[in-house]
1. Tell me the label only: which of [x] -0.27, -0.81, -0.96; [y] -0.36, -0.89, -1.02; [z] -0.32, -0.87, -0.99 is log10 I(q)/I(0) by the Debye sum over Cα atoms at q = 0.07, 0.12, 0.13 Å⁻¹ as calculated from this structure?
2. Starting from the 7 Å offset along Cα-to-Cβ, what nm value, one decimal, do you get for the label separation of residue 179 and residue 86?
3. Which loop trypsin sites (Lys or Arg not before Pro) in the stretch 15-110, with loop taken from DSSP, have no more than 16 other Cβ atoms within 10 angstrom of their Cβ?
4. Per DSSP helix of 4 or more residues, -39500 (n - 2.57); summed, then divided by the residues of the chain. What does that give at 222 nm, rounded to the nearest 500?
5. Could you identify which residue out of 189, 139, 168 has the top mean-square fluctuation in a GNM of the chain using Cα springs shorter than 10 Å?
6. For 287, 160, which order do you get if you count the other beta carbons within 10 Å of each Cβ and list the fewest first?
7. Once you have the Kirkwood Rh of the stretch 1-100 from its Cα pairs, apply Stokes-Einstein at 25 °C and 0.890 mPa s and quote D in µm²/s.
8. How far is helix 42-54 tilted, in degrees, relative to the longest principal axis of the Cα atoms in the chain, given as a value from 0 to 90 rounded to the nearest 10?
Amino acid sequence: MSADLLPKLKALAEPTRLRIISLLAQGEMTVSEIMQVLGQSQPRVSRHLKLLADAGLCERFPEGGWVFYRLVRTGLVSSLAGLVEEYADFDAPQAQRDRQRLSELKSQRRAHAELYFKEAAQEWAHIRSLQYSEEAVESALVALTEGREFKLHVDVGTGTGRMLELFSPQASEGMGVDLSREMLSVARSKLSEAGLSSRFVRQADASALPLEDGAADLVTVHQVLHYLPDPRVALQECARVLVPGGLLLVVDFDEHRHERLREEHHHRHLGFPPARMTGWLQAAGMTLKALETLESEGIEGGLTVLIWAAARTEDAGDALR
């Protein structure tokens, strides 16, 4: 018997902790959300979560004043969580209450996300009116990764989490990072609604990703770099967390003169000339594999969307030191 298995089984040998594992199997949650579903006090829920974390069954991630918990994504823990779900008595009154409260919690998240979208709708509608359709951009991204499978997809500046959803058929696991807690809430709601419990998000800066070197084999940066003070630093971070041969996809605008985007929508850069971005990628230890140009059609003064696909070279570590 694995020495790692016994403490996990001991930690699971309690009804409330089994309920918590069943909840976390649906996606990451805060202590207050778990309290809301279980109907138990904060000290009691926190004590159970500590025991589960000490046994290596779940992880905790502080985010501002909140702390999120999620299942550890290893084969052993996934198997144990699967057994909990398989043998759970969902007809029992307590299990039905948990499911009902979890459904209500997801509805609250969805309402919060819809409110945020309503407030931001005018800004996004203006930008979308100037550029190539998002559906076409997504199709081009998928085409660039056709036939490939990935272990870990990292989406930098994840926003609504759409890129995590888009590549979920090809990636075993996905992690989105964003500085905005509002956007992280939206992403969590969207991912939960899509049933993507193996996708999660973290609050982090694009210039300091919370990952070890070579942790990912796919990194996406979708319409993010024009917001950053120094995009080169973010590209170096993307290269650092990629394995040799790992793929980086960057989506952004070609150089343009729409000053309104800087004045009203906080764009620090009015797009990027293709050669400049390519030079930054090479300086970060990346090799350009493809450059897609998607020009807006029938839109006077429209924005051109560019997609850079680059792979980390074997000796990229030297370029990053």
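1. [z]
2. 4.6
3. Working: sites: 17, 19, 44, 47, 50, 60, 70, 73, 97, 99, 101, 106, 109, 110; in loops: 73.
Sparse-neighbourhood loop trypsin sites (Lys or Arg not before Pro): 73.
4. Working: 13 runs with 150 residues, N = 321.
My calculation for the chain gives -14500 deg cm²/dmol from helical runs alone.
5. 139
6. Ranking 287, 160 by Cβ neighbours within 10 Å, fewest first, gives 287, 160.
7. Numbers: Rh = 13.7 Å.
Stokes-Einstein gives a translational diffusion coefficient of 179 µm²/s.
8. 80
Every number in this text was worked out from the coordinates using simple rules, so none of it is lab data. Predicted model, so just to flag it, every value in this text is computed and none were measured. All Cβ positions, even for glycine, are placed from backbone atoms using ideal geometry, and neighbour counts span all protein chains on display.
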